[in-house]
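Step one of this worksheet: look at the structure below.
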Amino acid sequence: DSGVTQTPKHLITATGQRVTLRCSPRSGDLSVYWYQQSLDQGLQFLIQYYNGEERAKGNILERFSAQQFPDLHSELNLSSLELGDSALYFCASSVSPTASGANVLTFGAGSRLTVL
Amino acid sequence: AQSVTQLGSHVSVSEGALVLLRCNYSSSVPPYLFWYVQYPNQGLQLLLKYTTGATLVKGINGFEAEFKKSETSFHLTKPSAHMSDAAEYFCAVSRGANNLFFGTGTRLTVIP
């Protein structure tokens, strides 16, 4: 158990629908990251939050949005879902928002989204 | 821009043989480099990292990697493969923003 909790583990939905993925970071970590892992795109960085504020944006589609709440958990909202959104979505957390020798990302087990 | 290239999407080795997984990075400044492992149906687990200092880095499960600036490489090795090493391995680079940029991964198969 990495300490990063993601729910749900599996989700099956239809095209056009909207889903919310949830992430609770490891205790003491203030920074949350979302990654998408698909067969054709590999691991892609989506977005990062630090202590409630958006810190960095990667390849996140406009149909996707995220937020980090005061209790530091984060939610990734995916709307108008398409077949191509089927993927494994990982959340990771770290203490600091910036790279340093002591600061590494700890990953959750992921949420597998299947869009039919 | 930062990126990593992993040579070989699939590597097969016999049990007890040397494991060598290749990673080359591209970065305009000295990077932080990482190897993560992903076992089936699990998240990514940190194997080892290079930040500063000693260029030979030892990680968990007997793995190690050497940072070679002149070759812009950070290859992962293990002297003797075990069946439990079968997994997907990702090389990653970060700098500044702490966002990890991953390579495409190398799937390691260990043949009994």
The condition from (1) within 14 Å of chain B (Cβ to nearest Cβ); (2) within 20 Å of B:Gly43 (Cβ to Cβ); (3) touching a residue at least 60 places away in the same chain (Cβ under 8 Å) that A:Pro97 misses is numbered (2)
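Please state which one of B:Leu18, B:Leu7, B:Leu56 is closer than 24 Å to A:Tyr35 by Cβ and of a type outside the set (Ser, Thr, Tyr). Give the derivation first.
Details: B:Leu18 fails: closer than 24 Å to A:Tyr35 by Cβ; B:Leu56 fails: closer than 24 Å to A:Tyr35 by Cβ.
B:Leu7 is the lone residue from the list that is closer than 24 Å to A:Tyr35 by Cβ and of a type outside the set (Ser, Thr, Tyr).
Only one of A:Cys91, A:Cys23 is out of contact with any His (no Cβ under 6 Å at 6 or more places or on another chain), within 28 Å of B:Ser9 (Cβ to Cβ) and outside any loop (DSSP other than H, G, I, E, B); which? Quick ask: steps written out before the conclusion?
Values: A:Cys23 fails: within 28 Å of B:Ser9 (Cβ to Cβ).
The conditions single out A:Cys91.
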Considering the stretch A:37-49, residues that are within 11 Å of another protein chain (Cβ to nearest Cβ) and in a strand (DSSP E or B), and then whichever is farthest from A:Arg112 (Cα to Cα), we arrive at A:Gln48
A careful count of residues in the stretch A:50-91 that are more than 12 Å from every other protein chain (Cβ to nearest Cβ), hydroxyl-bearing (Ser, Thr, Tyr) and in contact with a strand residue (DSSP E or B) (Cβ under 6 Å, 6 or more places away or on another chain) gives 3
So, in the stretch B:63-106, exactly how many residues are more than 14 Å from B:Thr5 (Cα to Cα), out of contact with any Gly (no Cβ under 6 Å at 6 or more places or on another chain) and away from chain A (no Cβ under 12 Å)?
17
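Where a number appears in this text, it was derived from the coordinates with a stated rule and is not lab data. Not measured: the values here are computed from a predicted model. In this analysis, Cβ positions are derived from the backbone assuming ideal geometry, glycine residues included, and neighbour counts consider all displayed protein chains.
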